[in-house]
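The values are calculated or read from the model by the stated rules, or taken from the named source; none is laboratory data. None of these values were measured; they are calculated from a predicted model. Glycine also receives a Cβ, built like all others from the backbone with ideal geometry; neighbour counts cover every protein chain displayed.
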Amino acid sequence: MQENLFDIKTGILPDAAVNNSSFYQIIAFNGTGRFMVDFAEYSFSGNTILFLTPHQDFQWINSFGFTFDLLQFHGDFYCIEYHKKEVACNGLLFNNIYLQPHINVTANDFAEIKLLFKKLADEKNADDVYSLAVARAYLQLILALCSKEKINQVKTEMPDDQDHNEITVFQNLLEANFLRQRSPSFYAAAMSLSLSAFSKKIKKQFRKTPSEIIQERIILEAKKLLHLTYKSVKEIAAELNFEDEFYFSRYFKKNTGLSPLHYRESVGISIAAK
C-alpha cells in the first residue's frame with residue numbers, strides 16, 4: 001500500500017505537533033480547551049472533530065492531558081476536489097474561511113468515527129490489492145458523516161436575521177471583489193458602515209479582523225490555483241492582480257511560510273487539474 005499517502009496516529013495533547021503538514025488532517029478528541037487556526041482562536045468542549053488543510057497554521061492553547069486520534073491523508077490518496085460530487089466536504093469541512101474549522105458530535109457518532117479510523121489503520125497494514133480502495137471508502141464515509149453534521153450545525157449557528165443579512169452581504173462583496181479590492185474601508189463603505197462598526201461586526205462573527213479575512217481569501221485562491229491548475233507562478237500572480245510574481249511570492253510566503261513553488265511541490269497538483 002502507498003504508506004506515505006495516509007496515516008493514523010494517537011497522541012497526548014499537546015505533545016504531537018500537527019501543523020505545517022502537506023496532508024489534510026482530521027483530528028478527533030474529547031475534552032475542553034482552546035486552539036488557534038490561522039488568525040482565529042476557538043474554544044471546544046466535548047466530542048470534537050477538527051479539520052485542517054495542508055500547511056494551515058495550527059496551535060493548541062490550554063489543551064492538556066487528553067488523547068487525540070489523527071487521520072492525515074495526502075491529496076494523491078484522496079482528492080477532495082475530484083470527489084466533490086460524492087462528498088461535498090470541500091468548502092465545508094475544508095477550505096472555507098467563513099466557517100469554524102471543527103464540529104461537535106454525539107457520543108455515538110464520535111465512537112463510529114473513531115471506529116472508522118481504526119478500520120483505516122487496519123487497511124493500511126493489510127497487504128492485498130483491495131486495501132487501498134477499501135481505505136478510500138472508509139475515508140469517504142468519515143467525510144460524509146462529518147459533512148452531514150457540519151451542515152446541521154451551520155444551520156443552527158446562524159446569527160439573527162439582521163446580522164445574518166449583513167454577513168451574507170459582506171461574503172458576497174468579498175467573493176466578487178477580493179481580486180481587486182483589498183482594503184477593509186472599501187467593504188465598509190459598500191455596506192454603508194463606518195470602518196469601526198464594520199470591523200467589530202466582522203471580528204464578532206469570524207474571530208478575525210477584516211484584513212485577516214481578506215488575506216485568507218487571497219491565499220485560499222492562490223492555493224487553489226497552485227493545487228488545481230498547471231499555471232505558472234507568474235500566471236497565477238497576474239490572475240490574482242499582483243504587480244509581479246516576486247511580490248506575489250513574498251506575500252504568499254509571509255502568509256503561509258512557504259514559497260508558491262514549495263507549496264506546489266509539497267501538496268502536489270490535483271488530479272482535478274487534468
| said: Out of Lys231, Lys223, Lys200, I need the residue that is over 20 Å from the mean Cα position of the chain (by Cα), among the charged types (D, E, K, R), closer than 27 Å to Val87 by Cβ and not assigned by TED's automatic domain parsing to the domain that holds Gln100. Which one? | reply: Lys231
| note | Among the residues of the range 34-44, the number that are free of Cβ contacts under 8 Å to residues at least 40 places away in the same chain and either among the polar types (S, T, N, Q) or touching a Gly at 6+ places or on another chain (Cβ under 7 Å) (or both) is 1
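Give the residues of the range 229-274 that are hydroxyl-bearing (Ser, Thr, Tyr) and part of a helix (DSSP H, G or I), sorted by residue number. Show your work before the answer.
So in the range 229-274, the residues hydroxyl-bearing (Ser, Thr, Tyr) come out as 229-230, 232, 247, 249, 251, 256, 259, 263, 266, 270.
Answer for the range 229-274, where residues must be hydroxyl-bearing (Ser, Thr, Tyr) and part of a helix (DSSP H, G or I): Tyr247, Ser249, Tyr251, Thr256, Tyr263, Ser266.
The rows are residues; the columns are (1) closer than 19 Å to Phe51 by Cβ; (2) surrounded by fewer than 18 Cβ atoms within 10 Å (Cβ to Cβ); (3) outside the structural domain of Ile269 (by TED's automatic domain parsing).
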position	(1), (2), (3)
Gln140	yes, yes, yes
Arg180	no, yes, no
Ser185	no, yes, no
Lys208	yes, no, no
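Can you name every residue in the range 59-88 that is in contact with a helix residue (DSSP H, G or I) (Cβ under 8 Å, 6 or more places away or on another chain), hydrophobic (A, V, I, L, M, F, W, C) and touching a residue at least 60 places away in the same chain (Cβ under 8 Å)?
Let us first name the residues in the range 59-88 that are in contact with a helix residue (DSSP H, G or I) (Cβ under 8 Å, 6 or more places away or on another chain), namely 69, 71, 73-83, 86-88.
With hydrophobic (A, V, I, L, M, F, W, C) added as a condition, the list becomes 71, 73, 77, 79-80, 87-88.
Correct list: Leu71, Phe73, Phe77, Cys79, Ile80, Val87.
Taking strands (runs of 3 or more DSSP E) that do not extend beyond the range 17-74, which have at least 2 residues that are over 17 Å from Phe6 (Cβ atoms) and at pLDDT 90 or above? Explain how you work it out, then say what you get.
Details: elements: 24-37, 40-52, 58-61, 67-73.
Once the strands (runs of 3 or more DSSP E) in the range 17-74 are filtered for at least 2 residues that are over 17 Å from Phe6 (Cβ atoms) and at pLDDT 90 or above, what remains is 24-37, 40-52.
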